[in-house]
Amino acid sequence: MKWTKIIWIFGFLFLLTQCGSKEAKESKEYKPIPSDTTSKRPLTDFERYVLFEKGTERPFTGTYWDHFEKGHYVCKNCRAKLFDSSAKFESDCGWPSFDQAIKGSVKYTKDNSLNMERVEVSCANCGGHLGHVFDDGPQNTTGKRFCTNSVSIEFIPE
């Protein structure tokens, strides 16, 4: 009886690893970058994961969470203008936070994953996942907090 359980567990683990290997070997298709807005460099696997599989980076690890230079932020995939630096504020959440996006630059989608009710924000041009928007931003402006993955955006200095 004991050996049967052990064999069953190993068999189950073997199947799990095989399923994972198959998924990892299959090439994933990502939305192509329009030729007139080509990125400066190809996307890394992690950038593709966040932008097209709705991943996220760990808090306080991204390039822009505490970055406050003047300029604007563009989509890492298609380089569409998303946020002006004047909309960025310090939120202490560990991700870049903006109180508004450039009009028409983002798309909003209801997101009920992780047993939470949130609003996903993605690039209106290419559909790349940027993060989520919450209603706990600065009350003296819009009251919104666009919680954005650094890996999804790129800063263009003024």
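One residue stands out among those in segment 69-84 that are crowded, with 20+ Cβ neighbours inside 10 Å and among the basic types (Lys, Arg): the one that is farthest from the chain's Cα centre (by Cα), which is ARG79. Note on segment 121-142: residues that are crowded, with 18+ Cβ neighbours inside 10 Å and in a strand (DSSP E or B) total 8. Counting the residues of segment 124-139 that are in contact with a helix residue (DSSP H, G or I) (Cβ under 9 Å, 6 or more places away or on another chain) and closer than 12 Å to ASN149 by Cα gives 4. The residue list PHE52, PHE60, PHE89 contains one member that is of a type in the set (Phe, Trp, Tyr) and on the phi > 0 side of the Ramachandran plot, which is PHE60. So which residues in segment 69-91 are more than 24 Å from PHE46 (Cβ to Cβ), free of Cβ contacts under 8 Å to residues at least 60 places away in the same chain and either of a type in the set (Ser, Thr, Tyr) or not in a strand (DSSP E or B) (or both), if there are any at all? Within segment 69-91, SER86, ALA87, GLU90 meet the criteria.
Of all residues in segment 106-158, those that are touching a residue at least 12 places away in the same chain (Cβ under 8 Å) and acidic (Asp, Glu) total 4.
For PRO157, which of the numbered conditions (1) closer than 22 Å to THR61 by Cα; (2) surrounded by 12 or more Cβ atoms within 10 Å (Cβ to Cβ) fails to hold? For PRO157, the failing item is (2).
For LEU114, the conditions (1) modelled with pLDDT of 95 or more; (2) outside any loop (DSSP other than H, G, I, E, B); (3) surrounded by fewer than 20 Cβ atoms within 10 Å (Cβ to Cβ); (4) not acidic (Asp, Glu) all hold with the exception of (1).
The values are calculated or read from the model by the stated rules, or taken from the named source; none is laboratory data. Given the structure is predicted, the values throughout are model-derived calculations rather than measurements. Neighbour counts are summed over all protein chains in view; Cβ atoms, including those assigned to glycine, are modelled from backbone coordinates with ideal geometry.
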